[in-house]
Amino acid sequence: ADAAMKLSKLRTWLACWPMELKIIFAAVLFNELIIYYYYSWAWWWKISSICGPPEGDVTFLIASDPQIQGYRDESQVLGWLTRWDADRFLYKGYSAALSAAKPSTLLFPGDLIDEGLSAPPAALSDYTARFRGLFLWPKRRRLILAGDNDVGGEAEPVSSGRVADYERQFGRLEGSAKAGQSMRLLWLRFYADAFGSQREIERHVASAYAHLAPNTPETGSVGFRILSNHANLLTQRPTQFRHLLRLLRPHLVITGHRHRAFALRCDGCWSPAGAETVAPYPDKRGGPYATEPLDSAKFTLTDGIVYEIGSPTCSYRMGTLEVAYGYLAVRERDGRVCYVSLWLVSRFYWLGLYVLCLLLCAGYWLFRRIRAFGEIERSRLNAGRRPKSVHFGVA
């Protein structure tokens, strides 16, 4: 009875609203609330139907290249609004993905902050606080990598001072850790473009990553090895990644950087130089690296074969309409891998819906005003045509 009474009051309250306000309210309710509940349900269904129950799996939620917007490059007039909208998109999308995936590990493969490399210390503290507020990690392992927008490495040298700043905020940017019972996670900040020659790459790899190498030369350490790096590896020339992969011998590589979802397979990447063969996976010849954008992939990890999964950006501000989080499940027992892209409809479409609603409201308001003006004019004309009444008096 109480619920029926509240519903009746709500209907009465909404009935008092003008149609324009109802249209705007419906658009805001759908864009800012309902769509994210739908995402959470749809992603849960997609993960369950493609990957099945995560029995014995180490699961990852991949949030790549969020690049939260800064203060310098945004509009000085509307920057507060564009930053707020981009932040809300990241927060709501991430919350929906976290609810659907329920991962054991949260992975951020770099480019966390759009102006991270150039930001002064005070602004960097503000950016990292915003990042922590957007991407909450309740009781889960998290791996946070640094990208070229964070510490350099693409068109400029890596900034050792900015690396130290990030490590104070997020912990080690390179290292290894155990995942599950026997799986090993490795995370790096390796940028081949930052070196001038092959000799420099080999010298850097040998000195920087020797302590992460497998400890048994015959077959590597027990269990599978998952390597994460911001910059893509298998999309580069073999001479750039060959020494790194032969040293660390990963089975699976997870990267970001390109803002696209793709998968590659390299046969012979653990073998002597010149034996590598890189091909898209699944090999359908649909794009430069794979059937881009990659929606899902299944394969089994094997010694000597390296797979790379490139995760797309989770921000709508990166110049692409292909926006997604990545879900990855790796079964420790047999190395079975299942990857799923959790797609979001670009925020630009929903912003366009707001513009359409405003145009509809303006058109409806104008129609009502024209109709009211017409009724007034008709009433005036009818009053002018009405015959005058004749009164007969008594003589």
Any residue at all in the stretch 370-389 that's among the acidic types (D, E) and either at pLDDT 85 or above or touching a helix residue (DSSP H, G or I) at 6+ places or on another chain (Cβ under 6 Å) (or both)? no
For the stretch 114-133, pairs from a residue that is within 12 Å of G152 (Cα to Cα) and open to solvent by 40 Å² or more (accessible area, probe 1.4 Å) to a residue that is among the basic types (K, R) and assigned to a helix (DSSP H, G or I), with Cβ under 8 Å and 6 or more apart or across chains, are L117/R162
*In this structure, is W44 outside any loop (DSSP other than H, G, I, E, B), within 19 Å of the chain's Cα centre (by Cα), closer than 28 Å to M318 by Cα and modelled with pLDDT of 95 or more?*
yes
The lone condition L124 fails out of (1) part of a loop (DSSP other than H, G, I, E, B); (2) over 20 Å from the mean Cα position of the chain (by Cα); (3) closer than 18 Å to V151 by Cβ is (1)
S182: passes all of (1) open to solvent by less than 50 Å² (accessible area, probe 1.4 Å); (2) without any contact (Cβ under 8 Å) to a residue 12 or more places away in the chain; (3) among the polar types (S, T, N, Q) but (2)
Filtering the stretch 216-236 down to residues that are assigned to a loop (DSSP other than H, G, I, E, B) and either at pLDDT 85 or above or under 18 Å from L188 (Cβ atoms) (or both) yields G220, S221, F224, N229, H230, A231, N232, L233, L234, T235, Q236
Picked from the stretch 188-210 (must be at pLDDT below 80 and farther than 19 Å from V151 by Cα), the residue surrounded by the fewest Cβ atoms within 10 Å (Cβ to Cβ) is S197
D111 fails exactly one of (1) acidic (D, E); (2) open to solvent by 10 Å² or more (accessible area, probe 1.4 Å); (3) modelled with pLDDT of 90 or more, namely (2)
From the option list I35, I24, single residue qualifying as open to solvent by less than 80 Å² (accessible area, probe 1.4 Å), more than 19 Å from F89 (Cβ to Cβ) and of a type outside the set (K, R) is I24
Of (1) farther than 28 Å from Y354 by Cβ; (2) under 18 Å from the mean Cα position of the chain (by Cα); (3) outside any loop (DSSP other than H, G, I, E, B), L98 satisfies every one except (1)
_Could you go through the stretch 59-80 and let me know if any residue there is in a loop (DSSP other than H, G, I, E, B) and among the β-branched types (V, I, T)._
yes
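Here is a yes/no grid of residues against (1) modelled with pLDDT of 75 or more; (2) surrounded by 20 or more Cβ atoms within 10 Å (Cβ to Cβ):
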| residue | (1), (2) |
| --- | --- |
| P250 | yes, yes |
| H257 | yes, yes |
| A261 | yes, yes |
| L264 | yes, yes |
| G268 | yes, no |
| A279 | yes, no |
| D283 | no, no |
| P288 | no, no |
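The values are calculated or read from the model by the stated rules, or taken from the named source; none is laboratory data. Quick caveat: nothing in here was measured; it's all calculated off a predicted structure. Methodologically, a virtual Cβ is constructed for each residue, glycine included, from the backbone with ideal geometry; neighbour enumeration extends over all protein chains shown. Heavy atoms of the whole protein, side chains included, go into the accessibility calculation; ligands, DNA and RNA do not. Shrake-Rupley method; radii C 1.70, N 1.55, O 1.52, S 1.80 Å.
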